[in-house]
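The values are calculated or read from the model by the stated rules, or taken from the named source; none is laboratory data. Given the structure is predicted, the values throughout are model-derived calculations rather than measurements. When we count neighbours, we look across all protein chains shown, and the Cβ atoms used for this are built from the backbone with ideal geometry, even at glycine. Please note that ligands, DNA and RNA were not included when accessible areas were found on the heavy atoms of the full protein model with its side chains. Shrake-Rupley method; radii C 1.70, N 1.55, O 1.52, S 1.80 Å.
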Amino acid sequence: MSDISLFSERLSRRAFLGASALGAAAVALSACTTTEMVTPPPVAAAPPEPALGDTATMYTARTDEGFQLPAIPVAKLDPKFVRQIVADPTGEKPGTIVVDVSEHFLYLVRDGGKAIRYGVSLGKAGFGWTGSAVIQARKKWPVWTPPPEMIKRRPELAKFKDGMPPGPQSPLGARALYLFRDGKDTMYRLHGTPEWDSIGKNASSGCVRFMNQDIIDLYSRVNGPAQVFVRPNLSAAGKIMAVSSRTAEPIDAGVPKDAEFLK
């Protein structure tokens, strides 16, 4: 083999080895710079609404904030007014509260197409109302102060013009949720009552009454401003009608200074 042929062969071999080395380096570099696709963890589904327990347990006697609440005689309750989880009939978003005046039910809408339904007492003839409001304050065992309009109608309440101390016999019961509209107190409340047998009836001065054990439960679930709709019924027509009628007499003169304002 001539010197020229030998030189050419060596040159070709070096070029091949060099090209191979560059190729391997390129593969290695490519492997180092490839972005790894990370699959995000699945979003956890909302936990199912916990069971409420049996009726006797929900309405048993208890001590609450130092006050003694008697048991509700559940055998005398209409079963439909017992607190229970139901399919949501309102179509509203979770956290919304809807009162169905025709059935004396209040619904707290939950996730998963469910709602907690409570039996309530509503305004008697001449003191009913429908409309919308927002819960912007709440209070455990509130002082009740009858408004001037109520004292004028019922002079015997004048002794409470500066407030009735809280307790199991207070007209506001164990809890009060204060309804506002456009940032102003409507003087209407969602509240407890010692008159458990008024549930399912029109017996109040326009507010929405609960058995004390039920308002305690609702209170525990409302931790921020909540939209409230009070509707004559849950039909599409009832939804449209529930925008203006506001004829009830207020039950309470104002929000206590020590109430918790919700943000």
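Give me the residue from segment 129-173 that is more than 11 Å from PRO256 (Cβ to Cβ) and of a type in the set (Phe, Trp, Tyr) and, out of that set, modelled with the highest pLDDT. Residue satisfying both the conditions and the ranking: PHE160.
Do the conditions hold for LYS93, that is, is it modelled with pLDDT of 80 or more and over 28 Å from MET187 (Cα atoms)? Answer is no for this residue.
Please go through segment 211-243 and give me each residue that is part of a helix (DSSP H, G or I) and closer than 13 Å to VAL98 by Cα, ordered by number. Break it down into steps so the answer makes sense when it comes.
First, pick out the residues of segment 211-243 that are part of a helix (DSSP H, G or I): 212-221, 236-241.
Selection gives LEU218, GLY238, LYS239.
Quick check on segment 202-213. Is at least one of its residues open to solvent by 30 Å² or more (accessible area, probe 1.4 Å) and among the aromatic types (Phe, Trp, Tyr)? Within segment 202-213, not a single residue is open to solvent by 30 Å² or more (accessible area, probe 1.4 Å) and among the aromatic types (Phe, Trp, Tyr). Is it the case that segment 46-64 has a residue that's open to solvent by 80 Å² or more (accessible area, probe 1.4 Å) and at pLDDT 90 or above? Looking through segment 46-64, at least one residue is open to solvent by 80 Å² or more (accessible area, probe 1.4 Å) and at pLDDT 90 or above.
The residue list LYS140, LYS201 contains one member that is of a type in the set (D, E, K, R), in contact with an Asp or Glu (Cβ under 7 Å, 6 or more places away or on another chain) and under 22 Å from LEU108 (Cα atoms), which is LYS140. ALA176 passes every criterion in (1) open to solvent by 40 Å² or more (accessible area, probe 1.4 Å); (2) at pLDDT 95 or above apart from (1). Please verify whether segment 218-234 includes one or more residues that are over 17 Å from LEU108 (Cβ atoms), in contact with a Ser or Thr (Cβ under 7 Å, 6 or more places away or on another chain) and open to solvent by 10 Å² or more (accessible area, probe 1.4 Å). For segment 218-234, residues over 17 Å from LEU108 (Cβ atoms), in contact with a Ser or Thr (Cβ under 7 Å, 6 or more places away or on another chain) and open to solvent by 10 Å² or more (accessible area, probe 1.4 Å): present.
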